[in-house]
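Beneath this line is the structure, given in structure tokens, with notes to follow.
The values are calculated or read from the model by the stated rules, or taken from the named source; none is laboratory data. Everything quoted here is computed from the prediction, not taken from an experiment. When we count neighbours, we look across all protein chains shown, and the Cβ atoms used for this are built from the backbone with ideal geometry, even at glycine. In case anyone asks, the SASA skips ligands and DNA or RNA and just uses the protein heavy atoms, side chains included. Shrake-Rupley method; radii C 1.70, N 1.55, O 1.52, S 1.80 Å.
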Amino acid sequence: MIKQFQLCIVIPCYNEEKRLETKRIDTFLKSHENVLLCLVNDGSSDDTLNVLQGVKSKFPENITVVDTVNNVGKAEAVRLGFSHCDNQFNYDKIAYLDADFATTLEECLEISNCIKNEVVFAFGSRIAKIDNHIQRKQSRFLIGRVIATFISKQLNLVVYDTQCGCKIFHHKLASQIFAEKFISKWLFDVELFHRIIKIYGRDKMGTIAREIPLKSWIDQGDSRVKLSYFFKLWYDLYVIGKTYKSVN
């Protein structure tokens, strides 16, 4: 009998040999046997693959490793991880999470509990409140708010944080929206919103989606996105908007 997982979490890894906190993975999986971690080595030039294989050897039933020979970028690495899980495992929900664990595995699992009944999509949001702990560099926060404003306008949707690296989907939705490659390596989160809007319609987004303020998010200060991408980002956003305008 094939095991049924409550949640699969896809984690794209690029040159994470020294940064990946394997002890946090160990601690999490010892307490959550119904969660599968899919670790995707995105063509790393360091010893990341061996690190991932080492973690897998400790939890062979709860960790699967996908290896891409070349660096394909976060969007495609996540998509390949989703496709691998869809083909190899049975699960109820699937998520992706950044390898720096700025959002913890535990909180990702907690947010996944929001997916029930009509809700098929839930995502973390870095909204600073009096009762949470969001630690983010001021410069990144200000730039992020400018970008978020343009994204929200393009989507014609009231959403605070489309770019938070913690998103969870019902498995049936995931199989639909991750079937095709994405236009942008880093702004694929925006494309996901467009694809979900195409399926359900903008009016139903408030019913089928939940934006959950994170309890904690710690900026690790070692972003894999180069600063120079800030300028290309606007072109990617333009192309995404033009591409999906006809379908939304």
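Could you list, in sequence order, the residues of segment 123-145 that are of a type outside the set (Lys, Arg), closer than 25 Å to ILE197 by Cβ and at pLDDT 85 or above?
Matches in segment 123-145: PHE123, GLY124, SER125, ILE127.
Consider segment 81-100. How many of its residues are within 11 Å of the chain's Cα centre (by Cα) and either surrounded by fewer than 21 Cβ atoms within 10 Å (Cβ to Cβ) or not in a helix (DSSP H, G or I) (or both)?
The number of residues fulfilling the criteria is 6.
Looking at segment 37-50, I want the residues that are over 17 Å from LEU80 (Cα atoms) and open to solvent by less than 50 Å² (accessible area, probe 1.4 Å) and have a partner that is modelled with pLDDT of 95 or more and among the aromatic types (Phe, Trp, Tyr) with Cβ atoms under 8 Å, at least 6 apart or on another chain. Which pairs are those?
Final answer for the pair search is THR48/TYR14.
I'd like to verify a number: residues in segment 116-132 that are over 20 Å from ASP98 (Cα atoms) and either free of Cβ contacts under 8 Å to residues at least 60 places away in the same chain or over 18 Å from the mean Cα position of the chain (by Cα) (or both), how many? Show your work before the answer.
Keep residues of segment 116-132 that are over 20 Å from ASP98 (Cα atoms), which gives 116-120, 129-131.
When the remaining residues are screened for being either free of Cβ contacts under 8 Å to residues at least 60 places away in the same chain or over 18 Å from the mean Cα position of the chain (by Cα) (or both), the result is 116-118, 129-131.
Qualifying residue count for the region: 6.
Could you go through segment 133-147 and let me know if any residue there is more than 22 Å from ASP98 (Cβ to Cβ) and open to solvent by 20 Å² or more (accessible area, probe 1.4 Å). It would help to see each step written out before you state the result.
First, the residues of segment 133-147 that are more than 22 Å from ASP98 (Cβ to Cβ): none.
Checked against the condition, which is being more than 22 Å from ASP98 (Cβ to Cβ) and open to solvent by 20 Å² or more (accessible area, probe 1.4 Å), segment 133-147 yields no hits at all.
Which one of PHE141, PHE150 is under 20 Å from the mean Cα position of the chain (by Cα), farther than 29 Å from ASN117 by Cβ and either in a helix (DSSP H, G or I) or free of Cβ contacts under 8 Å to residues at least 60 places away in the same chain (or both)?
Details: PHE150 fails: under 20 Å from the mean Cα position of the chain (by Cα).
None of the other options fit; the residue is PHE141.
What is the one condition in (1) open to solvent by 30 Å² or more (accessible area, probe 1.4 Å); (2) not in a strand (DSSP E or B) that ASP189 does not satisfy?
For ASP189, the exception is condition (1).
Just give me the residues in segment 112-124 being touching a Ser or Thr at 6+ places or on another chain (Cβ under 9 Å) and either under 24 Å from GLY73 (Cβ atoms) or surrounded by fewer than 23 Cβ atoms within 10 Å (Cβ to Cβ) (or both), in sequence order. Before you say what the answer is, go through the steps one by one.
So the first thing to find is which residues in segment 112-124 are touching a Ser or Thr at 6+ places or on another chain (Cβ under 9 Å), and the list is 118-119, 122-124.
Result: GLU118, VAL119, PHE123, GLY124.
Can you report the number of residues in segment 1-36 which are part of a loop (DSSP other than H, G, I, E, B), open to solvent by less than 70 Å² (accessible area, probe 1.4 Å) and hydrophobic (A, V, I, L, M, F, W, C)?
The number of residues fulfilling the criteria is 1.
Being under 19 Å from ASP100 (Cβ atoms) and polar (S, T, N, Q) is the requirement here; does ASN34 meet it? Outline the logic, then answer.
Working: under 19 Å from ASP100 (Cβ atoms): no; polar (S, T, N, Q): yes.
No.
Which of the residues belonging to segment 66-80 are β-branched (Val, Ile, Thr) and surrounded by fewer than 17 Cβ atoms within 10 Å (Cβ to Cβ)?
Within segment 66-80, the subset β-branched (Val, Ile, Thr) is 66, 68-69, 72, 78.
Answer for segment 66-80, where residues must be β-branched (Val, Ile, Thr) and surrounded by fewer than 17 Cβ atoms within 10 Å (Cβ to Cβ): just VAL69.
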